[in-house]
Amino acid sequence: MIEFKNVTKKYGSKKAVDNASFRVEEGEFFVLIGPSGSGKTTTLKMINRLIPLTEGYIYFKDKPVSDYEVYEMRWDIGYVLQQIALFPHMTIGENIAQVPEMKGWKDKETLSRTKELMEMAGLDPDTYIDRKPAELSGGQQQRVGVVRALAADPPVVLMDEPFSALDPITRESFQDDLIKLQHEIKKTIVFVTHDIQEAMKLGDRICLFNEGRIEQIGTPEEFKKHPKNKFVEEFIGNLIEQRVTAGDFVSDKHVTDNIDGYPEIESNMDIKEAYTLFTEYETVAVQTEAGFKLLSRQDIFKYLTEKPGDSA
Ligand code: ADP
Ligand code: MG
């Protein structure tokens, strides 16, 4: 479906992507992962020609991407930016319907597609279709951004860290939805993340970048069982540290000197474990490097119960 052959992208003399070769199969969930600055976004944007390549070849459906009209690429390849940018003056319905309208779909067809996608995103069409983005919560807007990329039914969807701005629990429910969606609609998805846990959960295969070069391509299983080198091993090693902890729930505004009467917990305590304290206490004091931070039952409860989309 998508093939890179010895692709290099230079900015001046610096190689942002260095001699990358890989193939994404039709219907595959392909994850690009790597540290910040390793070339993930550049790679993704070269697929739909948002960024021109310097050397090598990229094929889309066995034809070089340079043989396509740019608008064709934009229509056939849905794109989700890291920061979802809905058009603020348009309604949710209009935002979703944009590409279908450009493609000349009939109004009736566009409307039923829009409603179908809103339902997929867990947003009741009757309630939300005529609202403006500002009337939705961040999580809801994020959902709209994701389904908008699917609106014209493109065979390929590119996603650049679509969930990175979300808190850990909201993110997990998004991931679950996306897996379900992928099973239902069988898209080819190229998904960028720097989160190894997310990559392992979502990817059929994972492609790990380091300073523009590909270190390893393989299934999550292969990454775990046969890391090719030290770098891969260390990257995988982060998995263990990435559970959700009490420290993830507090911010600097919670810092306090007065912890009288509150039980003290370490910031690396697993949140599920910490949660059991709240049957007894209203508030706990989380020990962090910046000092004690107070965490209330309500703070956690909000995170655990707030399905993304419930709090417009
Ligand atoms: P990632 O998405 O993995 O964080 P990017 O693909 O955005 O990484 O960037 C890869 C490298 O290319 C980085 O070193 C970045 O600084 C550099 N880079 C990205 N865009 C530009 C640009 N427009 N001009 C110069 N250098 C850039
Ligand atoms: Mg990036």
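The values are calculated or read from the model by the stated rules, or taken from the named source; none is laboratory data. Because the structure is predicted, anything quoted here is derived from the model rather than measured. Neighbour counts run over all protein chains shown; Cβ positions are idealised from the backbone, glycine included.
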### Query
Which condition does residue 50 not pass, out of (1) of a type in the set (A, V, I, L, M); (2) within 16 Å of ligand 1 (Cβ to nearest atom); (3) more than 24 Å from residue 181 (Cα to Cα); (4) buried (at least 20 other Cβ atoms within 10 Å of the Cβ), if it passes all the others?
(4)
### Query
Among 57, 79, 71, which is away from ligand 1 (no atom under 16 Å from the Cβ), among the aromatic types (Phe, Trp, Tyr), touching a strand residue (DSSP E or B) at 6+ places or on another chain (Cβ under 7 Å) and more than 29 Å from residue 234 (Cβ to Cβ)?
57
### Query
Given (1) modelled with pLDDT of 85 or more; (2) within 30 Å of residue 7 (Cβ to Cβ), where does residue 239 come up short, assuming only one miss?
(1)
### Query
Do any strands (runs of 3 or more DSSP E) entirely within the range 213-298 hold 3 or more residues that are buried (at least 17 other Cβ atoms within 10 Å of the Cβ), and if so, which?
213-218, 283-288, 291-296
### Query
What is the residue count in the range 51-85 for residues that are within 16 Å of ligand 2 (Cβ to nearest atom), over 14 Å from residue 157 (Cα atoms) and not small (Gly, Ala, Ser)?
3
